[in-house]
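Taking it in order: structure first as structure tokens, then the write-up.
None of the figures in this text is laboratory data; all of them are computed from the coordinates on show. This is a predicted model, so every value here is computed, not measured. Glycine gets a Cβ as well: all are built from the backbone with ideal geometry, and neighbour counts include every protein chain shown.
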Amino acid sequence: MDTIIIYDITDDSLRTRVAKALSDYGCIRIQKSAFYGFMNHNVREKLKLRLEKMMHDKEGNIQFYPLCTKCFSMKDSIGEIYEIKEDDVEVF
């Protein structure tokens, strides 16, 4: 399932580790604090557990937005964006 993950983390080190974890799961950066990934429920839960351990009482938040393919295909934008290409995404 298409998933958008966004975060608001003030700690530079933690923010870097979160971005690395998202990349490890095949997610691609679409904004400074936003990633896109295609993953099933089980993989998403594993990723959430990994990120929860990292956050452990730290200030900030990470949000997951699973989207059906039809909803994701209706995305729209204004201005220059990074186009998500099939070759950029690893499916888990």
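List of remarks:
- Among the residues of segment 1-55, those identified as closer than 25 Å to Met74 by Cβ and polar (S, T, N, Q) are Thr3, Gln31, Ser33, Asn40.
- Residue in segment 24-34 that is of a type outside the set (A, V, I, L, M), touching a Ser or Thr at 6+ places or on another chain (Cβ under 9 Å) and surrounded by fewer than 19 Cβ atoms within 10 Å (Cβ to Cβ) present: yes
- In segment 13-36, the residues that are of a type in the set (A, V, I, L, M, F, W, C) form Cβ pairs under 6 Å with partners that are surrounded by fewer than 18 Cβ atoms within 10 Å (Cβ to Cβ), at six or more places apart or across chains, as follows: Leu14/Lys58; Ala21/Arg50; Ile28/Asp88; Ile30/Tyr82; Ala34/Ile6; Phe35/Arg29.
- Here the condition is being over 9 Å from the mean Cα position of the chain (by Cα) and among the small types (Gly, Ala, Ser); of Ser13, Ser23, Ser33, it holds for Ser13 alone.
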